[in-house]
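Student: Supplied in structure tokens, the structure appears directly below.
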Amino acid sequence: MSISLENVTVVSMGEDVVTDVSLTVERGSINVLLGPTLAGKTTLMRLMAGLDQPTAGRILVDGKDATGVPVRRRSVAMVYQQFMNYPSLTVYENIASPLRVARLDAGEIERRVRRAADVLGLESLLDRLPNQLSGGQQQRTAIARAIVKNAELVLLDEPLANLDYKLREELREELPSILRQAGSILVYATTEPLEALLLGGLTATLSQGRLVQFGPTPKVYHVPSSLDSARVFSDPPLNELTVIKQDSSLRLGQDLVVPAVGVTASIPNGVYRLGFRGDLARIGTAWPASVSLAATVSLAEISGSETFVHVETGLGTFVCVERGVSMRQPGQSVMLHVDADRVFVFDDTGSPVAIEPSA
Amino acid sequence: MARITLDGIAHSYPRSATMALQPLNHVWEQGRAYALLGPSGCGKTTLLNIISGLISPSQGRVLFDGKDVTLLPTEQRNIAQVFQFPVIYDTMTVGENLAFPLKNRRMERSAIRARVAEIAELLDLTGDLPRRARALTVEAKQKVSLGRGLVRADVAAMLFDEPLTVIDPALKWHLRSKLKAVHRALDLLMIYVTHDQVEALTFADEVVVMKDGRVLQVASPAQLFERPEHTFVGYFIGSPGMNLMAAKVSDHVAHVSGQDIELGARYPKIKNGDAVIGFRPDFASLSPEGGIPVQVRRIEDLGRRRLARVALGPHEIFANVPEGVSIGGGQAGLTIQQDRLFVYVDDELVLGDRR
Amino acid sequence: MDKPLNNRAWFMVAPVFVLVLFSALLPMMTVVNYSVQDSLGQNQFFWNGDAWFRDLLNPSTEIGARFSDALLRNLSFSLVTLAIEVPLGIAVALCLPRGGWTVGPLLVIIALPMLIPWNVIGTMWQIFSRADIGLFGAALTGLGLHYNVTQNAISAWCTIVVIDVWHWTPLIVLLTYAGLRAIPDAYYQAARIDAASRWATFVNIELPKLQKVLVIAILLRFMQTFMIYTEPFVVTGGGPGSATTFLSIDLVKIALGQVDLGPAAAVSLVYNLITLTICWIFFTIMTQLDRRRYA
């Protein structure tokens, strides 16, 4: 089964929620909708499920127009951010509920519920009520209820957003294997680029209601088709620098001129926007080809395995990612080096000019 | 000015069989930033409430600069607190909000004005002073809550109870850097409760890691990362956390799933040799050959690094895949940095003799 | 965004429509019908246009004078009772404990006056206020006050006010108490840390947070006092003279006593419109408060 959104536009209360999006998802695929809040992810999922109608455009299921078909007639399962479970039913009954509605026989229900509970580690919790479970366990129950249906379309709307970061990590590791079901189309909405990278499959980057790029996840990450796509797919936020190429030099801001090295060496003269993620900006050690500028440390955010160092330069604030615990003190003067071999170069319309397909 | 001492503090809630807080002693030094880090239910909020005076501990004493304040109510302890959601007086402007604690203490008008201006400057609120407090963004409101605590120059300690809970994730780092800047500028004792390791490790000079009412380790962020003294600390900090495997340890070798791992230190006699060895994925790397043979389950491309999920017998562990190294097929070799390989007995770190 | 339409739901609403039609719309239209007609008796009606309405709104006509007097009485009654009930209700709610087992029983005891049927209240107080055998009446005369419900206009007024306060303050107490419970503890803790006095805590934290609850409470109570009928009817019969003849009582007198259906219908329509207008004003205030809050 495949679902296609054809030039769909949704206008709600005078606001453009989704504009001219065309997207096809195929059976057996994992599709991640990545974008900030209000980018249109939930709206697109609701269109695919049949919960809402587009203002313009069509929705095709297996090539046939299904725009008006209500959700009850479609084979859909959905998991929400706010662990929705029936509060008065035990975990077992919660997972069994869609099967009871479909009137499967008791033996089949038993079998499927046990299997889903097994996959999600809920075997020992089957006779508890949702309010006796932790947040992570409640969300697992909701996910179990979604997979037990063997629905053709499984939608997950930021399912890990309300969990503590450790629980989020654990569930995130398990999700790809749990959700890989034969034949289902999986659509997963998230604001975290890391989740997209972990799930693999295909990623669609969305920004302000528009589809920016859609393709295999590593490709979208390493070879963004536009500045917007690179911005959406970066955490911490993409560092950006406007430069003017003049023969063999780069002019940064008012006074700083550096040699044009790496990918910037071969671009024609003009104004460009350089985009580079935090791991391409280093403090202290230069790269084989570096664009370097003086900076002052303003904050070091330590998360254990990585440290995000925020630095101020005359040209803006940048974020560098360093490995391990880095004890940089605010106020320290440092030298910031940007890897010129792997930086993204965009022209002033946001189109890529020189991007190394290093994936 | 205050140094807060907790002497034999323990607490259990009325009509509850379990102890919310196991007996502990700790000294909070003037001018330092501390974080209480742990999962929900670990007792961190209980501890904060005992320090602030909201709860009277079942046992033990609380001393402010040597003076016993255990029975004193909150308003007489001279502390300030920032809560999970902004607490502001709706009917007042930002300036009036900040002046309120000083007005109640009958401070002189011009002194109040000067102090409010100083704190507003520190928090980037100077332009907002004449505005109605309720019209601000959540982030700005939380800054006003913070400002109300800072405006009292003689406050003994500033307590934070998960203050970034309602702040938009994209703006959290902004407030984090503001808190750090405030700490540097004002040299106050600050105690911060959170379940988020990034907040704790970024903010604090020292982190108190807690679980189930017990303090597991008190150390600087770097020490918690490089030398966790408890398996829970190893697991909770770091993304992903520490790899932990049950092993039989004899002298300087650990036997895991038929493999012998050199520990680089001699360990005293351990009962039955039963121990758990732990190492962070950050200090373990994978290569096509050499090292401990492991089964490769999955290699995850996380953009700026590659993480491999491998199996050593029944144990599932993580390791880094260095750049430029390509791992094909199901088998690979795991190398662990010896000085970052730790041995835990009954979840506690055991030191080995490295001579 | 439209959900896919399911028109079958309209059929389920149809019975309700019929009921509403029968019990509300048809009688209403009958009243409108009467208000534009006059009768010479024997069920013969002729068109009178807006004559009743013009008479009504002209204080120099007999009916206009009665109407404006009654209206004035109603408005001052509402104002006086609200001025007493609202502060009293808030004060009682503030004294109630925040939690624990005593709250339940206390709330029930406080709510008891609201549970008594209205004309039972009327009868109760009729006896209670008698100067000879009623506790209230006897106590007041014992203290030396000239208290006589049937002859003294001030006594009658005060009695009706006291009845209403006794009967309905519990409503304000309950609503206010619920509103107070909704204030998170953190606000009180912050006030303690800020060394705020009890009064400052009330003015700066409790009162602003009670705004919406109070608007609802005042709206409800205003409507009820504006439409008051049973208690004055049973206790004073509208007297002495016309001291406690409120609009509702007057209306019944005209409609059923004098069987002047035309003027009665006109009065009831105008009465209805005034009530609706005031409701609408309150509603606008509430939504404005909301909008200001999220500005």
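Student: Under the condition of being touching a strand residue (DSSP E or B) at 6+ places or on another chain (Cβ under 9 Å), farther than 17 Å from residue B:186 by Cα and facing chain C (nearest Cβ under 7 Å), which residue from the range B:66-86 is surrounded by the most Cβ atoms within 10 Å (Cβ to Cβ)?
Tutor: The extreme case among them is B:83.
Student: How many residues does the range B:168-188 contain that are over 17 Å from the mean Cα position of the chain (by Cα), under 19 Å from residue B:205 (Cβ atoms) and at the interface with another protein chain (Cβ under 10 Å from one of its Cβ atoms)?
Tutor: Counting residues in the range B:168-188 that are over 17 Å from the mean Cα position of the chain (by Cα), under 19 Å from residue B:205 (Cβ atoms) and at the interface with another protein chain (Cβ under 10 Å from one of its Cβ atoms) gives 3.
Student: So residue A:66 passes all but one of these: (1) of a type in the set (A, V, I, L, M, F, W, C); (2) within 14 Å of chain C (Cβ to nearest Cβ); (3) over 22 Å from residue A:6 (Cα atoms). Which condition number does it fail?
Tutor: All conditions pass for residue A:66, except number (3).
Student: Go through (1) under 17 Å from residue B:174 (Cα atoms); (2) more than 8 Å from chain B (Cβ to nearest Cβ); (3) aliphatic (A, V, I, L, M) for residue A:334 and report which single condition fails.
Tutor: Unmet for residue A:334, out of (1) under 17 Å from residue B:174 (Cα atoms); (2) more than 8 Å from chain B (Cβ to nearest Cβ); (3) aliphatic (A, V, I, L, M): (1).
Residue-by-condition table, conditions (1) touching a residue at least 60 places away in the same chain (Cβ under 8 Å); (2) more than 28 Å from residue A:193 (Cβ to Cβ):
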| position | (1), (2) |
| --- | --- |
| A:31 | yes, no |
| A:36 | yes, no |
| A:39 | yes, no |
| A:45 | yes, no |
| A:52 | no, no |
| A:55 | no, yes |
| A:59 | no, no |
| A:65 | no, yes |
| A:68 | no, yes |
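Student: Restricting the first residue to the range C:246-268 and requiring it to be in contact (Cβ under 8 Å) with a residue 60 or more places away in the chain, which pairs with a second residue that is basic (Lys, Arg) meet a Cβ separation below 7 Å and a spacing of at least six or different chains?
Tutor: Taking only residues 6 or more apart or on different chains, the pairs are C:246/C:73; C:250/C:66.
Student: Just to check your reading of the model, which residue among C:205, C:172, C:160 is buried (at least 17 other Cβ atoms within 10 Å of the Cβ), of a type outside the set (S, T, N, Q) and in contact with a Pro (Cβ under 6 Å, 6 or more places away or on another chain)?
Tutor: C:160
Student: Please state which one of C:249, C:218, C:285 is surrounded by fewer than 16 Cβ atoms within 10 Å (Cβ to Cβ), in contact with a helix residue (DSSP H, G or I) (Cβ under 8 Å, 6 or more places away or on another chain) and either in a helix (DSSP H, G or I) or among the acidic types (Asp, Glu) (or both).
Tutor: C:285
Listed here are the residues, each with its yes/no results for (1) of a type in the set (Val, Ile, Thr); (2) part of a loop (DSSP other than H, G, I, E, B).
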position	(1), (2)
A:51	no, yes
A:54	no, yes
A:59	yes, no
A:67	yes, yes
A:85	no, yes
A:94	no, no
A:98	no, no
A:109	yes, no
A:112	no, no
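Student: Suppose the filter is touching a Ser or Thr at 6+ places or on another chain (Cβ under 9 Å) and either facing chain A (nearest Cβ under 10 Å) or among the aromatic types (Phe, Trp, Tyr) (or both); does residue B:193 pass it? Before you say what the answer is, go through the steps one by one.
Tutor: Details: touching a Ser or Thr at 6+ places or on another chain (Cβ under 9 Å): yes; either facing chain A (nearest Cβ under 10 Å) or among the aromatic types (Phe, Trp, Tyr) (or both): no.
No.
Student: Separate question: Would you say residue B:113 is assigned to a helix (DSSP H, G or I), over 30 Å from residue B:23 (Cβ atoms) and away from chain C (no Cβ under 14 Å)?
Tutor: When the stated conditions are applied, residue B:113 passes them.
Student: Now for a different question. The conditions are (1) out of contact with any strand residue (DSSP E or B) (no Cβ under 9 Å at 6 or more places or on another chain); (2) part of a loop (DSSP other than H, G, I, E, B); (3) within 12 Å of chain C (Cβ to nearest Cβ); (4) not β-branched (Val, Ile, Thr), and residue B:154 fails exactly one of them. Which is it?
Tutor: (3)
Student: Considering (1) assigned to a helix (DSSP H, G or I); (2) closer than 25 Å to residue C:272 by Cα, say which one residue C:206 fails and leave the rest.
Tutor: (2)
Student: Within the range A:203-213, which residues are assigned to a strand (DSSP E or B) and either modelled with pLDDT under 90 or buried (at least 21 other Cβ atoms within 10 Å of the Cβ) (or both)?
Tutor: Listed by number, the residues that qualify are A:203, A:204, A:205, A:206, A:211, A:212, A:213.
Student: Follow-up. Mind listing whichever residues of the range A:223-244 are part of a helix (DSSP H, G or I) and either more than 15 Å from residue A:194 (Cβ to Cβ) or of a type outside the set (A, V, I, L, M) (or both)?
Tutor: We begin by selecting, within the range A:223-244, every residue part of a helix (DSSP H, G or I); these are A:227-232.
Of everything in the range A:223-244, those that are part of a helix (DSSP H, G or I) and either more than 15 Å from residue A:194 (Cβ to Cβ) or of a type outside the set (A, V, I, L, M) (or both) turn out to be A:227, A:228, A:229, A:230, A:231.
The values are calculated or read from the model by the stated rules, or taken from the named source; none is laboratory data. All figures in this text were calculated on a predicted structure; none of them were measured in a lab. We place every Cβ from the backbone using ideal geometry, glycine too, and count neighbours over all the protein chains shown.
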